[in-house]
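Since every read-out is calculated from the coordinates, none of them should be taken as a lab result. Just so we're clear, the structure is a prediction, and the values are computed from it rather than from any experiment. For neighbour counting, all protein chains shown are included, and Cβ atoms are generated from backbone atoms with ideal geometry for every residue, glycine included.
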Amino acid sequence: MNHGRLKFRLEATATGSRARAATFHTAHNEVRTPLFMPVGTQATVKGQLTQSLEDAGSQILLANTYHLLLRPGPEVFRSTGGIHGFMSWKNSVLTDSGGFQIFSLPHSRSMTEQGAAFQSHIDGRTILLSPELSIETQKAIGSDIMMALDQCIPSTADEATARAALGITNRWAARSLAARGDSQQALFAIVQGALFPELRRESAAGLCEMPFDGYAIGGLAVGESRSERQDTCELTAQLLPQDLPRYLMGVGTPLDLLEAVHRGVDMFDCIIPTQVAQRGGAFTSRGFLQLRRGVYKFSEDKLDPLCNCPTCARYSRAYLHHLTKSNEHLGWQLIGQHNIYFYHQLMREIRQSIFEDRFLELYREKRSFLHESDMDNPIHVQKPGKKMAFHLGNYEVHRAPQGFASIRQISSGEVMHSRTPPMVEAHQLYIEQSNLAERLRLAANENTETAAPLVIWDVGLGAAANAMSAILCYEAQATAGPVRPMHVISFENDLNPLKLAFMHNREFTYLRHSAIGGILGVGLWHSPKHTGLRWTLVQGDFLEKIPAAPAPPDVIFFDMFSSKTDADQWTLSAFQKIFAACEERAVELFTYTCSTPARAALLVAGFHLAKGRATVDKVDTTIALTPAAAPIAKQRSHEFLGAEWFGKWTRSSAKFPADVPQEEHPSFEQTIRSHPQFKGL
């Protein structure tokens, strides 16, 4: 049996479950599973001392190769003898390969079989992250467990995309193994395949033929539903060797961990414990507590009555509420300390229950509260005879089978973000595709005061997922370094979708932000923390209100309802008005449609067109570019529409937008045939 460099030993399994307890050894400590690894991306777990992490029971910390490659650089680790002494950490370290960070910024890199070439946001140099460089960097860092470089894609990707990524991942795994050489550092491979069982089987079969020391389940917690994640996790775990560790990457909440242990997983990491702590969130034996709530203002109770961590032993809920409301970093530190302790204690209890063969009993007990909000102070206490409205005007709250909430237009039956959570779709189609994070960062010779603001037209505000995604992206980048100003201009003629979602911000959690009050109150919000960030509402019919926009756009998020409900917004006339408003600037427009008439209208209006990302129900979407933006877009590897689309359009029975009269069809058709994009076809 292959126990690898870690000398993995399976010690107990649970009756009626695939839960298991094991032990393995690194150069720094004995590791007992199941275990949770706090995320120390840049050689630090945010807000936590290494001593606090040791006291809480952290056995392994996760650090990230991408970030440590850029800063401080592998030469620092070689000089200082590795990450353990560098960060004063005595237990084990696992390093992620950097693949997820590279592929989460699709326009900041170009990908080939050799690796991913990207531009450093620190000094602007171009770096080719290959499997060999990833392993070389991880060897310099001196981690106990290294990860093979993989190609990360959304879990909801189509089968062709998933198969291509699987092939690259398996080939890179072989190269990573060769690059490891005779180093005593353990190396894990990552199983990919999105949500396709056959692809997961194919990936696992290929990787298990190679002598890795453990295997990770990748490509989850990036867009799929909880049930899809659990099914894929269970399937993949059973494809992996019994005598080596199994690691589910990037997951998740305490309930997610419990469910994955039940399905045979040993190791986990996630930023959630410290991320929610920053916003005042705490996991407890009485459910999830949001300490910003006024109900805790006078509470002298400890945070968790069953917890003995230093935070619970010393500080009251009232004090933690005060620190959270005051935005004091100490609040983030103390709540984060508790959350990490809570995760570790859960793992210890699970391990003990497996040895005592009572895991299923503990599983049922924990499931009864791990998904709950504060059980003692419920958030939604309804007054007798009065129920919270789930509809407003022509809109209602819609709950998808996958478990997330969105907004549905009652009259048409159309749902905003029907098959993908609103913020996931907003991030994938608008934030990532527009390369927003990269656009916001300032070059070395720029400064915030003189840099031109980036103007986003958010057309079709809806429940504000796109606008809030842009604002959260800005806030994240501004925390990391200098950024240019950003002005989001949202167009909307009916605020009821946003008002309704805001009423239910327990489910639409992204609306728990001060910006929403400004937009709904006075139609304007300036960030109190970031002077360069503002958001303006232009209320009324978009086409009529274009002249009222405070500034011309650099980027347009065009997210109107479909032509069934907003037919006049998808016409040639509409796109001609938008094109005119661009004032010959370099402007990119992103929209979810791949409709032939809409694309034809955009072309005749003067735009160039490229394929956008696929969605759950569309093979691709659309990126429209003004002529000035087209050359820049080619550098970002946009795939422009070419002969295939042109042939499809010529054969289509829906070649023309609804507002083009029949007598103008010949001239409309000639305009497309003579479009510079199709020159020579």
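Miscellaneous remarks
- Between the stretch 547-568 and the stretch 402-421, the C-alpha centres lie 20 angstrom from each other.
- Other residues within the sphere of radius under 14 Å centred on the Cβ of residue 536, judged by their own Cβ, net out at 0 (K and R +1, D and E -1).
- With a simple spin-label model that places each label point 7 Å from the Cα along the Cα-to-Cβ direction, the separation between residue 271 and residue 561 comes to 3.6 nm.
- Residue 285 long-range amide H proximity, modeled H, under 5 Å: 306
- Label-point separation in nm, residue 479 to residue 632, each point 7 Å along Cα→Cβ: 2.7
- Once C-alpha pairs closer than 8 Å and six or more residues apart are averaged by separation and normalised to the residue number of the stretch 205-294, the relative contact order reads 24 percent.
- Reach of residue 90 by Cα under 14 Å, taken over aspartates and glutamates that are not fewer than 8 positions away in the same chain: 30, 54, 55, 144
- Under 5 Å between amide hydrogens, built in the peptide plane, is the criterion, and for residue 22 it picks out 11, 33 among residues at least 5 positions away or on other chains.
- Cα centroid separation - the stretch 153-173 against the stretch 610-681, whole Å: 28
- In this simple spin-label approximation, residue 394 and residue 75 carry label points 7 Å from Cα along the Cα→Cβ vector, and these lie 6.3 nm apart.
- In order along the stretch 554-566, the Karplus-derived 3J(HN,Hα) couplings, from 6.51 cos²θ - 1.76 cosθ + 1.60 at θ = phi - 60°, round to 9, 9, 10, 9, 9, 10, 6, 4, 5, 5, 5, 9, 10 Hz, and Gly and Pro are given as x.
- Formal net charge of residues neighbouring residue 217 (Cβ-Cβ distance under 14 Å; K, R +1; D, E -1): -4
- Residue list for the stretch 118-141, given a label point 7 angstrom along the Cα-to-Cβ vector of residue 444 and an amide N cut-off under 16 Å: 119-127
- DSSP beta bridge pairing in the chain, given as percent antiparallel to the nearest 5: 50
- Spatially proximal lysines relative to residue 577 (Cα-Cα < 18 Å; intrachain offsets below 8 disregarded): 545
- Among the chymotrypsin sites (Phe, Trp or Tyr not before Pro) found in the stretch 212-290, not one is both in a DSSP coil and sparsely packed, with 16 or fewer other Cβ atoms within 10 Å of its Cβ.
- Per-residue ³J(HN,Hα) for the stretch 32-38, Karplus 6.51 cos²θ - 1.76 cosθ + 1.60, θ = phi - 60°, Hz, x for Gly and Pro: 10, 10, x, 9, 10, 10, x
- When semi-axes √(5λ) of the Cα gyration tensor in Å is calculated for this entry, the matching label among (1) 44, 36, 26; (2) 43, 31, 24; (3) 75, 28, 20 is (2).
- Judged by the mean number of other Cβ atoms found within 10 Å, the most tightly packed of the peptides 503-515, 163-175 leads the ranking 163-175, 503-515.
- Length-normalised contact order for the chain - Cα pairs under 8 Å, 6+ apart - percent: 10
- Using θ = phi - 60° and Karplus 6.51 cos²θ - 1.76 cosθ + 1.60, couplings along the stretch 44-52 (whole Hz; Gly, Pro as x): 7, 8, 3, x, 10, 7, 4, 5, 5
- Extension gain from residue 227 to residue 352, taking 0.36 nm per residue of separation minus the Cα-Cα distance: 42.3 nm
- Across the stretch 424-676, C-alpha contacts under 8 Å between residues 6 or more apart give a mean separation that, scaled by the residue count, equals a relative contact order of 17 percent.
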